[in-house]
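Have a look at the structure below, then the notes.
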Amino acid sequence: MSAFSATSRIAATVLTAGALVSVVALPAGAQDNDRHHSRDRVVISDVQANSPGRDNGSNRSLNAEWVEITNQSRRSVNLDDWTLRAADGTRYRFDDVRLAGRATVRVHTGVGRDTRTDLYQDRRHYVWGNYSDTATLRDDRGRTVDTESWGRGHHHHRR
């Protein structure tokens, strides 16, 4: 056997093995993407539970209390019927909201006019505990998408 034919047979074997590896890897990658639905790409990205200044109950003060929701994917996500809930059970339901890819929306506590970047719960009382609370984002099927806790040693972000 010539050196050339041995080399070409080794190269063919390596190429075939490489092709098999890539065929095996593709379905695993596809399955992985199927498991990560839109709820895995939407997160609670920031919280301002304690509005700056005195908590005087004014609409301005109420609107300085907010939770930010970020869509980390490139595709828009329909948040219709998703909920944002405080530990005490106070709940805000998203109504006809589509969050564009790579976009963030700030959900304010007080009264205001909804825009692409700011939503308002239209409440007259504070929702989030200044010192301790948990914000929970759930999808339209009631599955927990993300939570953010603060206070009492809970300064962390969970998904």
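If I ask for residues that are in contact with a strand residue (DSSP E or B) (Cβ under 9 Å, 6 or more places away or on another chain), part of a loop (DSSP other than H, G, I, E, B), open to solvent by 40 Å² or more (accessible area, probe 1.4 Å) and at pLDDT below 95, which ones from the range 131-159 would you list? Within the range 131-159, Y131, H154, H155, R159 meet the criteria. Name the single residue, out of those in the range 47-67 being touching a residue at least 12 places away in the same chain (Cβ under 8 Å) and open to solvent by 30 Å² or more (accessible area, probe 1.4 Å), that is nearest to T136 (Cα to Cα). Only one residue fits best here, namely V47. Selection of the range 36-46 for residues being acidic (D, E), over 12 Å from L137 (Cα atoms) and not in a strand (DSSP E or B) yields an empty set.
Scanning the range 69-92 for residues that are outside any loop (DSSP other than H, G, I, E, B) and either closer than 14 Å to V145 by Cα or modelled with pLDDT under 95 (or both) gives I69, T70, N71, V77, N78, T83, L84, R85. Of all residues in the range 94-117, those that are assigned to a strand (DSSP E or B), surrounded by fewer than 18 Cβ atoms within 10 Å (Cβ to Cβ) and over 16 Å from the mean Cα position of the chain (by Cα) total 0. When the range 96-127 is filtered for residues that are without any contact (Cβ under 8 Å) to a residue 60 or more places away in the chain, more than 15 Å from D80 (Cβ to Cβ) and among the β-branched types (V, I, T), the ones remaining, listed by number, are T104, T109, V111, T115, T117.
The values are calculated or read from the model by the stated rules, or taken from the named source; none is laboratory data. This one's a predicted model, so the numbers in the text were calculated from it and none came from an experiment. Reconstructed Cβ throughout: ideal geometry from the backbone, glycine too, with neighbour counts over all protein chains shown. To get the accessible areas, we keep the full protein, side chains included, count just its heavy atoms, and leave off ligands, DNA and RNA. Shrake-Rupley method; radii C 1.70, N 1.55, O 1.52, S 1.80 Å.
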